[in-house]
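First up is the structure itself, then whatever we jot down about it.
The values are calculated or read from the model by the stated rules, or taken from the named source; none is laboratory data. Predicted model, so just to flag it, every value in this text is computed and none were measured. All Cβ positions, glycine included, derive from the backbone under ideal geometry; neighbour counts span all protein chains shown.
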Amino acid sequence: MKKSVLSGTNDDPIDMGKKKGQAKNKGQLKNKVQSKDKVLLTDNVSKAFEKGVDKRPVIRKEIMNIIRTTYRNNIDLTNIADNKANILLSLNSLMITFLIPIVLANLQIIQQEKLYLPLITLALTCLTTIIIAAMATRPIRMGKQNVTRGERTQTSPFFFGNYYKMEAEEYLETLEETIMDPHLVKEYIKLDLYFMGRGLGDKYSKIRTCYNVFIGGLIWTVIAFLLVVIL
C-alpha cells in the first residue's frame, strides 16, 4: 500500500492480478479460435481437393487376397495335372519299351498262338495314351489371350505370351497406361484368371480322356487275350 501511495497510483494488487488473469484467458481463447479456424480451413481445402481429384475404383485388400489365392490354387492344380500326365507318359513308355523286344523275340510263338490281337490292342493303347498325355502337357499358344469389346481389343500386359514379340518401348508404354488406370488393371486381372482357368480346364479334360483310354485299352487287351485263349 505504501508503494502504491508513493508512486501516485491507485492500482490495487488484487485488481492487477485479476487483469492479468483476464488477459491470459483472452489469449487462450484467441489461440483456440485460431486453431479452430486452421482446422476448418484444412478441412475445406481437403474437401475441395477431393472434389477436384478423379476418383477411380481401387482394388481392395480383401479382393487382392482372393485373387492371389485363386492364382496360387490354379498354379498348384496345373502342377498336379502335369504330374498325372507325366505318370502316364512314363508308364506307357516303359510298357512299349519292354513290349517291343518281347514281341520281336517271340514272333513265331505269337503267330502260332494268335496273340497278335491282344498285343496290337495293348500297343495302340500305349501309343494313344502317350499322344494324349503329351498334348495335355503341351505349352499353350502364345499371343492368343485377348478379348475384343466393341472397337477395342484388350490384351493383358501381365502375361508373357502377349508381349514376348513386342518391342521394349511398346511394352513399357502399354504397361504404364495400364498401371495408371485401376479399371484396366481389374479388367486384365479378370482376363488372366479367365484364360488360366480355361487352359487348366482343357488340360484336365485331356488328362481325363487319357486315363479313360488307358483303362479302356487295358480292359480290351485282357478281353482279347481271354478270347484268344478260350477260342
Test: Thr121 is in a helix (DSSP H, G or I) and closer than 23 Å to Ser205 by Cβ
no
Check on Lys165, free of Cβ contacts under 8 Å to residues at least 24 places away in the same chain and outside any helix (DSSP H, G or I):
yes
Note on the range 147-191: residues among the aliphatic types (A, V, I, L, M) and either surrounded by 14 or more Cβ atoms within 10 Å (Cβ to Cβ) or under 25 Å from Asn65 (Cβ atoms) (or both) are Val147, Met166, Leu175, Ile179, Met180, Leu184, Val185, Ile189, Leu191
Scanning the range 194-221 for residues that are of a type in the set (Val, Ile, Thr) and touching a residue at least 60 places away in the same chain (Cβ under 8 Å), which turns out surrounded by the fewest Cβ atoms within 10 Å (Cβ to Cβ)?
Thr209
Of Lys24, Lys51, the only residue that is surrounded by 10 or more Cβ atoms within 10 Å (Cβ to Cβ) and either assigned to a helix (DSSP H, G or I) or at pLDDT 50 or above (or both) is Lys24
Lone unmet requirement of (1) more than 30 Å from Glu113 (Cα to Cα); (2) at pLDDT 85 or above for Asn212:
(1)
